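The values are calculated or read from the model by the stated rules, or taken from the named source; none is laboratory data. Here the structure is a predicted model, which means the values were calculated and not measured. Don't worry about glycine lacking a Cβ; one is built from the backbone with ideal geometry, like all the others, and counts go over all protein chains shown. Calculation scope for accessible area: heavy atoms of the full protein, side chains included, ligands and nucleic acids excluded. Shrake-Rupley method; radii C 1.70, N 1.55, O 1.52, S 1.80 Å.
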Amino acid sequence: MPYWLYMLPVVAVNVCASLLLKTGAGQSPAPLLCNFMSWLSFLGLCCFGLGGLAYAWLLRFVPLGVAQAVLASQYVFTVLGAHFLLHERMDGVQIAGFVLIGIGIACVVSRQGL
């Protein structure tokens, strides 16, 4: 199985975690969570925990330098998710950043033969 397929769950869980935290930040805190955070924020934190476990598992198969570079794609997908799901504004500077991140990932991955 190609290494990048191992990375997809880590990216997906971290993107979901960020979107859940953002969505939960605008909601009222839950009484069962000691009025500290909303349920969506709590789910977002749980997703970050799951993402950490998935990342630790990923590092069994992928060199750290490659994994860290490829996981930078989560920034692109988080901003895209915020734009399409939360209707946040996206501008040309962000798109230029996406291109640069893509070029960096391509350089690292092509060097590793993934």
Checklist entry - Restricting the search to segment 64-82, which residues are of a type outside the set (Phe, Trp, Tyr) and either open to solvent by 60 Å² or more (accessible area, probe 1.4 Å) or touching a strand residue (DSSP E or B) at 6+ places or on another chain (Cβ under 7 Å) (or both)? => result Leu64, Gln68
Checklist entry - Of all residues in segment 1-52 being among the polar types (S, T, N, Q) and touching a residue at least 60 places away in the same chain (Cβ under 8 Å), which is farthest from Phe84 (Cα to Cα)? => result Asn14
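Can we say Thr23 is under 30 Å from Ser110 (Cβ atoms), surrounded by 15 or more Cβ atoms within 10 Å (Cβ to Cβ) and among the polar types (S, T, N, Q)?
Against the criterion (under 30 Å from Ser110 (Cβ atoms), surrounded by 15 or more Cβ atoms within 10 Å (Cβ to Cβ) and among the polar types (S, T, N, Q)), Thr23 does not qualify.
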Checklist outcome for this item: A careful count of residues in segment 75-114 that are more than 13 Å from Trp4 (Cα to Cα) and in contact (Cβ under 8 Å) with a residue 40 or more places away in the chain gives 6
